[in-house]
Amino acid sequence: MPTSACAGPQANPIFINGLLALDVQLIYEDAKTGARARQVLERLAEQLKLEAELQVNLLRFDLLGEPELSGLVGDGGSDADILVLAAHGQSELPAPVRAWLDRWLGRRLGSPRALAVSLDAGTEGTAPAKNILASLQAAARLAAVEVFPHFGGTPTSDLTFEDIQYRAETKTALLEESLQRVESHSHWGLNE
């Protein structure tokens, strides 16, 4: 499954190497839920025999709550075709995550999009998980976005080579994007 760290908005279908390009946003709570989100995406692509170039953006919950970073990462994947949200599901989603989801749901009304919600296997049937799914399904229904709930386990090992690579790519992509935006705004002096 080909992926890249950054992807832009997609108004009309774009093809890369003869394959449909789909923007995918993974929003995750921590390393374990992020690894599970990646697994969900890989399984989905395998099961659907998806022949598409997936352009994947990664975003951790806590980055949306950082005032210095929220403007830089806040709308990076807001035009995504597929959103995979991975959380433990033991409590409500943080306010910055809900706000980002609301913006995503409000964009591209009428365009086909999907929201996969992956929660810990042990939370299935619990009040917090039911509340998360109910609120997301209600909001998604208004935006004509299909919601696919998933309850699954997190990877058993604490840290694998793939996890290390995943973390490195996430931080590198975020840092590169942040630096590019800072450089593009560095010439806003009054005397220029």
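Under 6 Å between Cβ atoms, which residue pairs at least 6 apart in sequence (or on different chains) link something in region 45-60 that is more than 29 Å from L93 (Cα to Cα) with a partner that is at pLDDT 75 or above and in a strand (DSSP E or B)?
Partner pairs satisfying both residue conditions: A52/L22.
I'm checking my understanding of the structure. Among residues of region 112-126 that are out of contact with any helix residue (DSSP H, G or I) (no Cβ under 7 Å at 6 or more places or on another chain) and not hydroxyl-bearing (S, T, Y), which one is surrounded by the fewest Cβ atoms within 10 Å (Cβ to Cβ)?
Result: G125.
Hey, any hits in region 95-112 for a residue that's among the β-branched types (V, I, T), assigned to a helix (DSSP H, G or I) and touching a residue at least 60 places away in the same chain (Cβ under 8 Å)?
Yes, some residue in region 95-112 is among the β-branched types (V, I, T), assigned to a helix (DSSP H, G or I) and touching a residue at least 60 places away in the same chain (Cβ under 8 Å).
For A129, indicate whether it is surrounded by 14 or more Cβ atoms within 10 Å (Cβ to Cβ), in contact with a helix residue (DSSP H, G or I) (Cβ under 7 Å, 6 or more places away or on another chain), in a strand (DSSP E or B) and modelled with pLDDT of 95 or more.
no
Is there any pair with a first residue in region 122-135 that is of a type in the set (S, T, N, Q) and a second that is modelled with pLDDT of 95 or more and assigned to a helix (DSSP H, G or I) whose Cβ atoms are under 8 Å apart and which are 6 or more apart or on different chains, and what are they?
T123/A129
The values are calculated or read from the model by the stated rules, or taken from the named source; none is laboratory data. From a predicted model like this one, the values you see are computed outputs, not experimental measurements. Using ideal geometry, Cβ is built from the backbone for each residue, glycine included, and neighbour counts are taken over all protein chains shown.
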